[in-house]
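Just below is one structure, and these are the notes that go with it.
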Amino acid sequence: MHDHLPAEGLWLTYYGDDFTGSTDVLEAFTAAGVPTVLFLQPPRPEDLARFPGVRCVGVAGQSRGKSPAWMRAALPEVFARLSALGAPIVQYKVCSTFDSSPEVGSIGQAIDLGMQSTKARWSPIVVGAPRLQRYQVFGHLFAAAQGEVWRIDRHPTMSRHPVTPMHESDLRVHLAQQTPRRIGLVNLAQMTQGQADEIWQSLQGPDQPVVMLDVADVLSQREAGRLVWQQRGQGVFSASSSGLQYALAEYWRSCGWLAPQPALPQAQAQSCIGVVSGSCSPMSAAQIDWAEQHGFLTVRLDVAQCLDPLQAEMEITRLVTLATDAVAHGVSPLIYSARGPDDPAVQGFDAMVQRAACDKAQASERIGMALAEIMRRLLDQTALRRIVVAGGDSSGAVASHLGVQALTVSAGMAPGVPLCRVWSDNPRRDGLEMALKGGQLGAPSFYGDVRAGRVG
């Protein structure tokens, strides 16, 4: 059924629940040979006209840190506009760690909203992405960290996430806390033993259930791509990680519809880059440590001052001065808000929020905007043409604040973290190179790799 790729038009549209995850999809499809553009707002026809031949269009969002009420107010229009573009698959792109809760970043709420715009008799979910060392086995999610693969509820970072810690590895149980919708599973054995269609047939129905597809290796990945593509009907909505892109590309390639693609282009070296980090993951801490030991200027953002409207400007000015001076001397500046989950700024965050008389969401927004303003001034006062932002919320704040309209992949870096080319009406921003990095992604040497144009 429907076994072909349309010669014209879009094959998939997606809304990313955070900016770093949005560029993850951008990289996965671009590397597979599927022309993809990521916008910061749902594109108009004149926006799409700038990118002839595009087959996938994304919108970078920030719903991962938002409430269900925010989602109900914001997402229906976005999903409707994406559906109107006519692609057979509309995706709500989630993180491959699936961290979410009924109160914050509810994937279940997003599914319930997205399913309102389709008559499909199922909603597939593909989370496993072996290239990113994410594996779903019999409904349970596993992810790599520190050289080992962990069940997600024992993962050293995700089990301790400050906002949405993962305390359950069975994604059916986890998702059931967020939606009353029926949740099914095509498990790994069924995926690899030719039983997927039979199980799918028994699960789909007029109540539009969610059907999770186990992915742990290339075989199950290809089968997931086949099942989604062949059973897309008149259009299907999927809340999935970039595992969906890897699965579809693997299936399309196996059919001969996509040519084998060479590696993404390699970037040229830069003498100097600018970095801001709002991530508190252990890997981000290791990357800051590496940078400090290899010639970067690393400077801490004083979070307490940043949360105080009367002191924030003074702190921003201090850091911009240090950073611009570093660039003038050929040194790459790195401004960070924390070094890992045990950092005093993380441990004392609740107390700082209380003193600032705001809530956690407002506090996170203030930190993100401070980092964004630092980066904006740094770019305006120097000749920097390559930057990195670490952390999903920070990436969203910075990209929005810089007047970015769209992103395309310009070079490969670490898996899931491409170097992107900025498209903007502002000539000072147009052509800027930007990497938006999720906290867990990249090697300890990531910032050095970006500076050197080296694939990590």
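The values are calculated or read from the model by the stated rules, or taken from the named source; none is laboratory data. Predicted, not measured: the structure shown is a model, and the values here were computed from it. Glycine gets a Cβ as well: all are built from the backbone with ideal geometry, and neighbour counts include every protein chain shown. Quick note on the areas: whole protein, heavy atoms, side chains included, nothing else; ligands and nucleic acids left out. Shrake-Rupley method; radii C 1.70, N 1.55, O 1.52, S 1.80 Å.
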Checklist line | Checklist (1) open to solvent by less than 10 Å² (accessible area, probe 1.4 Å); (2) in contact with a helix residue (DSSP H, G or I) (Cβ under 9 Å, 6 or more places away or on another chain) applied to Arg376, failing item | finding: (1)
Next item on the list: Kindly indicate whether any position in the range 68-85 is in a loop (DSSP other than H, G, I, E, B), out of contact with any Ser or Thr (no Cβ under 6 Å at 6 or more places or on another chain), of a type outside the set (Phe, Trp, Tyr) and open to solvent by 10 Å² or more (accessible area, probe 1.4 Å).
Entry: no
Next item on the list: Could you tell me whether the range 3-13 includes any residue that is within 17 Å of the chain's Cα centre (by Cα) and among the acidic types (Asp, Glu)?
Entry: no
Notebook entry, point to check: Do any strands (runs of 3 or more DSSP E) lying entirely in the range 116-234 carry at least 3 residues that are open to solvent by 40 Å² or more (accessible area, probe 1.4 Å), and which ones are they?
Noted result: 148-151
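Would you confirm whether any residue within the range 432-448 is farther than 25 Å from Arg131 by Cβ and either surrounded by fewer than 24 Cβ atoms within 10 Å (Cβ to Cβ) or touching a Leu at 6+ places or on another chain (Cβ under 8 Å) (or both)?
yes
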Notebook entry, point to check: When the residues of the range 291-342 are filtered to those that are part of a loop (DSSP other than H, G, I, E, B) and free of Cβ contacts under 8 Å to residues at least 12 places away in the same chain, which remaining residue is surrounded by the fewest Cβ atoms within 10 Å (Cβ to Cβ)?
Noted result: His329
Notebook entry, point to check: If only one of Pro68, Pro42 is touching a residue at least 40 places away in the same chain (Cβ under 8 Å) and closer than 20 Å to Ile125 by Cβ, which one is it?
Noted result: Pro68
Checklist line | Neighbours by Cβ (under 6 Å, 6+ apart or cross-chain): first from the range 399-416, free of Cβ contacts under 8 Å to residues at least 60 places away in the same chain and closer than 18 Å to Val37 by Cβ; second open to solvent by 40 Å² or more (accessible area, probe 1.4 Å) and assigned to a loop (DSSP other than H, G, I, E, B) | finding: Gly403/Asn426
Checklist line | Any chance Phe98 is out of contact with any Pro (no Cβ under 9 Å at 6 or more places or on another chain) and part of a helix (DSSP H, G or I) | finding: no
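For every residue, the table says whether it meets (1) out of contact with any Lys or Arg (no Cβ under 9 Å at 6 or more places or on another chain); (2) farther than 13 Å from Leu171 by Cα.
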position	(1), (2)
Ser101	yes, no
Val104	no, yes
Met115	no, yes
Ala120	no, yes
Pro130	yes, yes
Gln133	yes, yes
Gln136	yes, no
His140	no, no
Checklist line | Of all residues in the range 1-38 being more than 23 Å from Gln261 (Cβ to Cβ) and of a type in the set (Phe, Trp, Tyr), the one that is surrounded by the fewest Cβ atoms within 10 Å (Cβ to Cβ) | finding: Tyr15
Checklist line | Conditions (1) at positive phi; (2) modelled with pLDDT of 95 or more; number of the one not met by Gly86 | finding: (2)
